[in-house]
Amino acid sequence: MSNGPSILAMDLEGVLVPEIWIGVAEKTGIAELRRTTRDEPDYDKLMRGRLAILDREGIRIDTIHQVIGSLDPLPGAADFLAWARERTQVIILSDTFAQFAQPLMRKLGWPTIFCHSLEIEANGRISGYRLRMPDQKRHSTAAFKALNFSVCAVGDSYNDTSMLGEAHQGILFKPSANVVRDFPQFPVVTDHGALRQRVETFLA
């Protein structure tokens, strides 16, 4: 239960919007790009592999922007987010990139997001990425706690689990079976209605 002012810290992909890289995989037919943080705990290894695939296949940022423009929030996500923002502060803590996030934030009503940045060359080649800081989700959550906020955190993947463990309440949203197996300490919800009930209990 919340004690005093609260913050809801949420992952983006897989919780509020579809996985961007899976969308890119479907558009390009490159099955290797379906691999996400649900499958690979090492984020740097995952991103280096993605960038190598983009280079190999000649995929530029404009192709990814086309995919992002076609994505809509997950069913129930926008309504849940509107409900939550009426009741508490909501911060999206994501390992996506600023160059990806803007169209998605527009469709979600411009919530606050902390994320990373891509390095993009003039020809549209994605040459690298810059983390805001390593393990930024956990560090952000710890900072909110240091400011005397009660923090409820929601995520779906390996890269969310340090945030969930740091929060006063951590919740897994539709995680893969391997994430559930490796982190049985976190409650699991499978839709935004059940998530609302969990968050409502925390805020009570």
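Derivation of every value follows stated rules applied to the coordinates shown; laboratory data play no part. Please read these numbers as outputs of a predicted model, since none were measured by experiment. Cβ coordinates were reconstructed from backbone atoms using ideal geometry, including for glycine residues, and neighbour counts include every protein chain displayed.
Summary of computed values
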read-out	value
FRET efficiency estimate (nearest 0.05) - Cβ-Cβ, Ala98 to Thr63, R0 22 angstrom	0.75
Calculated FRET value between Leu203 and Asp55, using beta carbons and R₀ = 45 Å, to 0.05	0.50
Length released on extending from Ala143 to Trp110, taking residue separation times 0.36 nm less the Cα-Cα span	9.6 nm
In degrees, nearest ten, helix 61-70 long axis to first principal axis of the chain (Cα)	50 degrees
Packing rank of 154-162, 120-128, where each peptide gets the mean count of other beta carbons within 10 Å, highest leading	154-162, 120-128
Angle in degrees between helix 192-203 and the longest Cα principal axis of the chain, rounded to the nearest 10	50 degrees
Acute angle (nearest 10 degrees) that the helix 136-146 long axis makes with the longest principal axis of the chain, alpha-carbon atoms	20 degrees
Calculated from backbone phi, Karplus (6.51, -1.76, 1.60) coupling profile of the stretch 38-55 in Hz, x at Gly/Pro	6, 9, 10, x, 8, 5, 5, 4, 4, 5, 4, x, 4, 5, 5, 5, 4, 5
Residue-averaged 222 nm ellipticity for the chain, from DSSP H runs of 4+ at -39500 (n - 2.57), nearest 500	-12500 deg cm²/dmol
Förster radius 41 Å - calculated FRET efficiency between Ser117 and Asn178 (Cβ-Cβ, nearest 0.05)	0.90
Computed P(r) (all Cα pairs; the chain; 5 Å bins; percent)	1, 7, 16, 20, 21, 16, 10, 5, 3, 1, 0
Under 5 Å, built H, 5+ apart or other chain: amide partners of Gly170	Ala153
Stokes-Einstein D in µm²/s, Kirkwood radius over Cα pairs - the stretch 117-204 at 10 °C with 1.306 mPa s viscosity	109 µm²/s
Kirkwood hydrodynamic radius (C-alpha pairs) into Stokes-Einstein, the stretch 97-152, 10 °C and 1.306 mPa s, D in µm²/s	119 µm²/s
Thr88, Thr190 arranged by Cβ crowding within 10 Å, fewest neighbours leading	Thr190, Thr88
Length released on extending from Thr190 to Arg85, taking residue separation times 0.36 nm less the Cα-Cα span	35.7 nm
Overall dimensions of the stretch 36-121 as given by Cα atoms, namely Rg and Dmax in Å	14.9, 47
Assigned charges on the beta-carbon of Lys, Arg, Asp, Glu; the chain dipole about Cα centre (debye)	240 debye
